[in-house]
Amino acid sequence: MGLPETSVREARVRVQSAIEHAGGEFPLGRIAINLAPANIPKYGSGFDLPVAMSLMVAAEQIEAQSIHGWMFLGELALDGRLRGVKGLLSAAQAAQTRGIKNILIPKENMKEAAWLKNMNVYPAEHLAEVIHHFIGVKDKQLSPMQTVVESVEDIFPVDLSDIRGHQFIKRGLEIMAAGGHHILLSGGPGTGKTMLAKSIPSILPRLNDAERFEVAQIRSLVSNTFEPNQLVRPFRAPHHSCSSAGLIGGGVGIARPGEVTLAHHGVLFLDELTEFHRRTLEVLRQPLESGQVVLARSRHHVSFPASFQIVGAMNPCPCGYLGDPRRSCVCGQHQIKAYQSCLSGPLLDRIDLFAGVPPVSIQMLTQNDHVETSVVVRKRVEAARDFMRQRDQINVNAQLQFKDLQSHEHIDAEAYKVFVAYAERFQLGGRSSLKILRMARTIADLALSQRINMSHIREAFAYRMESSGLQSQLTGLK
């Protein structure tokens, strides 16, 4: 009892069979198992092992004192084998805050258990091994594993050197990576939007230890198979048929993390952006501002981290050739407006950089000139991030507020006058103005400049307002 869902209720069969196969005696009579607190729904098969151990203690087959200060987590097969479960890292972290130092887990969870510091982690393969350990059978005592995190080699599908041309956009990607900004790419079919987006992880800074643990926790929540090579900056690219719940999180019963949480500390790439349902895209507005998702349900509220960078890619019109110098667009004004109508003004206002992606000539595609690699760009991005932390004690400039950026320590007086003049000319709102100042601060950081000058302001406005005609294509949405 205690609001168990189906997989928890079925534990009565798994636990009884597992105890009998492990050589224990299942107690006869009516057994009541209370999963407290009773008002919180219980999900998952990870309760199997703790229920089995509780029964063994209640039947006086194991001494209660021997399991004091232990946490048990694992699913039981009918023959007593232990199976891996989801959410090990979060459960272990909660146990650690309660002073529990010893944790017993299935061997299938060993890879993620390597992340648990200051805990004694005991992996087991069968319930019989667990019973022998706690009844003190000699030569059958379990040993704690070494909690050492494996190093991860950076392997990226696309390097910036694989992309010919698009220097203006590559510079925009560098600014985006350094400052934690969002970008929207617009161009016809085959111009390289997807390839440019896939190159972004190769120029992002490596995760620090705290960020890697958060990424590991999220992976642990959604998958039983935990691989160290997943612990780089995430790059999530959901299909445009993705639902609101799939994008933001939720589901029947317990709320599960969505794509925005799986992209935490990484990139959420929305290819064919205009093909997404408008209501689906609108759910992105709140997490883009707050960096988290709060899901309110009748029985519980859940908060998931969602600090990600969004990369959108879209065609300018249904045929894809609006503004293409080589081919004529065959779409009518009504078709173009209907095609772009899924992108609301408030959503576009949350995007920092806009970049049109023009077609590249065959001569440029086949030339063998030296092209800057992602390694070189990443070094500049990491240097800019270090510069930010030393100056303002922040991770990215996307976290800065107006009061910080308006000070004379951040911006020259002449540059601020130019900024105000441009903002009034383009009739920018508060959010758009703040994003331009943030971008200018990032551009200055890439140049290792303490102050924002006029060239930084002008470059920021170029990406916000004058990016290869993208804004003129979206005039109907203003």
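When you scan the stretch 389-446, how many residues do you find that are among the charged types (D, E, K, R), farther than 13 Å from residue 176 by Cα and in a helix (DSSP H, G or I)? Before you say what the answer is, go through the steps one by one.
So the first thing to find is which residues in the stretch 389-446 are among the charged types (D, E, K, R), and the list is 389, 391-392, 403-404, 409, 412, 414, 417, 424-425, 431, 435, 438, 441, 445.
Of the ones still in play, those that are also farther than 13 Å from residue 176 by Cα are 389, 391-392, 403-404, 409, 412, 414, 417, 424-425, 431.
When the remaining residues are screened for being in a helix (DSSP H, G or I), the result is 389, 391-392, 403-404, 414, 417, 424-425, 431.
Counting residues in the stretch 389-446 that are among the charged types (D, E, K, R), farther than 13 Å from residue 176 by Cα and in a helix (DSSP H, G or I) gives 10.
The single residue among 20, 25 that is at negative phi, part of a helix (DSSP H, G or I) and among the acidic types (Asp, Glu) turns out to be 20. Does residue 449 satisfy the condition of being at pLDDT 85 or above and not in a helix (DSSP H, G or I)? For residue 449, the condition - at pLDDT 85 or above and not in a helix (DSSP H, G or I) - is met. Of the numbered criteria (1) in contact (Cβ under 8 Å) with a residue 40 or more places away in the chain; (2) more than 25 Å from residue 265 (Cα to Cα); (3) of a type outside the set (Ser, Thr, Tyr); (4) in a loop (DSSP other than H, G, I, E, B), the one residue 131 fails is (4).
Among the conditions (1) surrounded by fewer than 15 Cβ atoms within 10 Å (Cβ to Cβ); (2) not hydroxyl-bearing (Ser, Thr, Tyr); (3) not assigned by TED's automatic domain parsing to the domain that holds residue 284, the only one that residue 443 does not satisfy is (1). Looking across the stretch 261-279, just one residue is surrounded by 21 or more Cβ atoms within 10 Å (Cβ to Cβ) and over 20 Å from the mean Cα position of the chain (by Cα), and that is 274. Hey, any hits in the stretch 8-26 for a residue that's within 27 Å of residue 146 (Cα to Cα), buried (at least 21 other Cβ atoms within 10 Å of the Cβ) and free of Cβ contacts under 8 Å to residues at least 40 places away in the same chain? No; the residues of the stretch 8-26 include none that is within 27 Å of residue 146 (Cα to Cα), buried (at least 21 other Cβ atoms within 10 Å of the Cβ) and free of Cβ contacts under 8 Å to residues at least 40 places away in the same chain. Inside the stretch 104-126, residues that are within 16 Å of residue 141 (Cβ to Cβ), in contact (Cβ under 8 Å) with a residue 40 or more places away in the chain and either surrounded by 19 or more Cβ atoms within 10 Å (Cβ to Cβ) or not assigned by TED's automatic domain parsing to the domain that holds residue 79 (or both) make up a count of 3. Looking across the stretch 434-465, the residues that are more than 18 Å from residue 204 (Cα to Cα) and polar (S, T, N, Q) come down to 449, 450, 453, 455. Taken residue by residue, the stretch 237-246 has no member that is closer than 27 Å to residue 400 by Cβ, surrounded by 18 or more Cβ atoms within 10 Å (Cβ to Cβ) and modelled with pLDDT of 90 or more. Listed conditions (1) at pLDDT 90 or above; (2) at negative phi; (3) buried (at least 17 other Cβ atoms within 10 Å of the Cβ) are all met by residue 98, apart from (3). Of all residues in the stretch 42-69, those that are closer than 12 Å to residue 27 by Cα and at pLDDT 90 or above have Cβ atoms under 7 Å from Cβ atoms of residues that are among the acidic types (Asp, Glu) and in a loop (DSSP other than H, G, I, E, B), 6 or more apart or on another chain, in 59/25; 61/25. Residue count for the stretch 261-314 under the criterion of being among the charged types (D, E, K, R) and in a strand (DSSP E or B): the result is 0.
Is it the case that residue 32 is assigned to a loop (DSSP other than H, G, I, E, B), within 22 Å of residue 254 (Cα to Cα) and either among the hydrophobic types (A, V, I, L, M, F, W, C) or at pLDDT 95 or above (or both)?
Details: assigned to a loop (DSSP other than H, G, I, E, B): yes; within 22 Å of residue 254 (Cα to Cα): no; either among the hydrophobic types (A, V, I, L, M, F, W, C) or at pLDDT 95 or above (or both): yes.
No; evaluated as a whole, the condition is false for this residue.
Specify which of the listed residues (279, 256, 285) is under 30 Å from residue 39 (Cβ atoms), charged (D, E, K, R) and touching a residue at least 24 places away in the same chain (Cβ under 8 Å). Step by step, each of 279, 256, 285 is checked, and only 256 is under 30 Å from residue 39 (Cβ atoms), charged (D, E, K, R) and touching a residue at least 24 places away in the same chain (Cβ under 8 Å).
With the condition kept exactly as written, say whether any residue in the stretch 385-401 is at pLDDT 90 or above and under 24 Å from residue 163 (Cβ atoms). Yes: one or more hits.
For residues that are outside any helix (DSSP H, G or I) and acidic (Asp, Glu), tally how many sit in the stretch 363-383. The total comes to 2.
Filtering the stretch 331-349 to residues that are in contact (Cβ under 8 Å) with a residue 12 or more places away in the chain and either in a helix (DSSP H, G or I) or surrounded by fewer than 16 Cβ atoms within 10 Å (Cβ to Cβ) (or both) leaves 335, 336, 337, 339, 340, 341, 344, 345, 346, 347, 348, 349.
The values are calculated or read from the model by the stated rules, or taken from the named source; none is laboratory data. Computed from a predicted structure; not experimentally measured. Virtual Cβ from ideal backbone geometry, glycine too; neighbours counted across all protein chains shown.
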